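The values are calculated or read from the model by the stated rules, or taken from the named source; none is laboratory data. As the structure is a prediction and not an experimental result, all values here were calculated from the model. Glycine also receives a Cβ, built like all others from the backbone with ideal geometry; neighbour counts cover every protein chain displayed.
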Amino acid sequence: MMVLKEEYRNKLISAENAASFVKSGDNIFYGEFALFPEAIDEALSKKIGGLHSVNLKSVCFTRVPKVVEADPGRNHVIMNDWHFGTVSRRLHDDNLCNYIPITYHQGPRIVKKYHEYDAAFITVAPMDARGYFNFGLANSITGAVISKSEKVIVEVNENVPYCMGGNQESIHISRVTNIVEGRNLPLIELPAQPPTEINKKVAANILKEIDDGSCLQLGIGGLPNAIGAMIAESGLKDLGIHTEMLVDSCVDLYMAEKVTGRKKFIDTYKMTYTFAMGTRKLYDFLHQNPTCASYPVNYVNDPRIIALNQKMIAINNAMEIDLFSQVCSESAGIAQKTGTGGQLDFIFGAFYSKGGKGIISLSSTYTDRDGTLKSRIVPVLQPGSIVTLPRSIVHYVVTEFGTAQLKGKSTWERAESLIEIAHPDFREDLIREADGMKIWVRTNRRD
């Protein structure tokens, strides 16, 4: 222990010293999701004006980097994000951030094949008695980044929960270049979104597809909260969790004794995930909790791993789906809103799970800025829309009006199934459009 403490003292530096490692043209990486390196970012922002072509990457920035605020003309730093949240979406609209397209489970392999980093600035929990710094809420691609980084500087934040693995959830001090003791700011929280009435109707339809012993992948937002609440009040039992993102509703299901993991084929009795975001309730639940297992995303999101658990129910949201059954989940036309994330991973993997179902959920309509009601089920996607799921991958689609299973169906059968779960106000228009595109045969219409 004394040896570890001595090594800690020798590697301890200030945030300003850590920032001094960055040179013009460097590729640097910031900790993922909630693990933003606050102190180092602030220190680097004070010297960024003297640098050029600094390439900054992370997965889902949750704070606007001060280095970007200090460079509104984008003359010194080039910001890139592997998955857009609110922060990167707004910066992208101001031409201050680029998106890196990715199928999430391939992230670590992409890093190892094609990326080199001069420095990785990773926020961690305090060092434990054996010399390990825990990554806390984000495993994801961090291990791969560290393996390709010349310098690894950890920023310690006492508020980071110690999240158990799994695999590659920690780094030993012997692999760390330097240590910065941060300001211990509270971690960003995502408050639970109350479900809308439409969310509740969609959730009720999804609930019909879930059986005892199912293994769940849930996201965040009003719909997963509605599903979680309905499951908690249902008679379902022995559910498992194998999910990209661990959220508050997973904690609620566990506390309601709906989640045991007893029926899981792999990571039995464990709630498996690659990153977590939510409220303090979730972070406190994760701290030193052996019920939960943090893994890199190339394990959690690998469709071959996902498929090993029987009755895998993967639930993912979409913005729009066309009558060819192409799904857009990440853009509104050319406007990038989020990213592919693990949607393709889980929909693909769930299909290969025995009894599994990959579900795309969406409300049938939305209201645009002018107050006009529009259908999310459309003849063709908007120009420039990103196809997140090709039609050959799509399995189940659920709206508040019902469920469509699309595997093995022809183009006209898919169009018919989707029109049946579209909002009634738009069905006749969709039929006319489908007929004009030769994917609808009126004599096949079921009255």
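So here's what we get for this one:
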item: Criterion (assigned by TED's automatic domain parsing to the domain that holds D118, surrounded by fewer than 21 Cβ atoms within 10 Å (Cβ to Cβ) and modelled with pLDDT of 95 or more) met by exactly one of S88, S53, S58; result: S53
item: The one condition in (1) crowded, with 20+ Cβ neighbours inside 10 Å; (2) modelled with pLDDT of 95 or more; (3) part of a loop (DSSP other than H, G, I, E, B) that L308 fails to fulfil; result: (1)
item: Any hit, the stretch 118-129, residues being of a type in the set (F, W, Y) and not in a strand (DSSP E or B); result: no
item: Every residue from the stretch 244-276 that is part of a helix (DSSP H, G or I) and surrounded by 19 or more Cβ atoms within 10 Å (Cβ to Cβ); result: D248, S249, C250, V251, D252, L253, Y254
item: Which listed residue, of S45, S14, is of a type in the set (S, T, N, Q), in contact with a Lys or Arg (Cβ under 6 Å, 6 or more places away or on another chain) and surrounded by fewer than 23 Cβ atoms within 10 Å (Cβ to Cβ); result: S45
item: Members of the stretch 174-189 that are surrounded by fewer than 20 Cβ atoms within 10 Å (Cβ to Cβ), touching a residue at least 60 places away in the same chain (Cβ under 8 Å) and over 26 Å from M245 (Cα atoms); result: S174, T177, N178, E181, R183
item: Output for the stretch 336-355, where each listed residue is touching a residue at least 60 places away in the same chain (Cβ under 8 Å) and of a type outside the set (F, W, Y); result: Q336, K337, T338, G339, T340, G341, G342, L344, D345, A350, S353, G355
item: Leading residue by the ranking (nearest to S58 (Cα to Cα)) among those in the stretch 130-158 that are over 22 Å from the mean Cα position of the chain (by Cα) and part of a loop (DSSP other than H, G, I, E, B); result: K148
item: Residue, surrounded by the most Cβ atoms within 10 Å (Cβ to Cβ), within the stretch 190-221, restricted to residues that are hydrophobic (A, V, I, L, M, F, W, C) and in a loop (DSSP other than H, G, I, E, B); result: L218
item: Of the criteria (1) surrounded by fewer than 23 Cβ atoms within 10 Å (Cβ to Cβ); (2) touching a residue at least 40 places away in the same chain (Cβ under 8 Å); (3) of a type in the set (S, T, N, Q), which one T291 fails; result: (2)
item: Some residue of the stretch 222-243 being surrounded by fewer than 24 Cβ atoms within 10 Å (Cβ to Cβ), within 26 Å of Q193 (Cα to Cα) and touching a strand residue (DSSP E or B) at 6+ places or on another chain (Cβ under 8 Å); result: no
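Residues checked against (1) within 26 Å of the chain's Cα centre (by Cα); (2) assigned to a helix (DSSP H, G or I):
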residue: A18; (1), (2): no, yes
residue: F29; (1), (2): yes, no
residue: I40; (1), (2): yes, yes
residue: V67; (1), (2): yes, yes
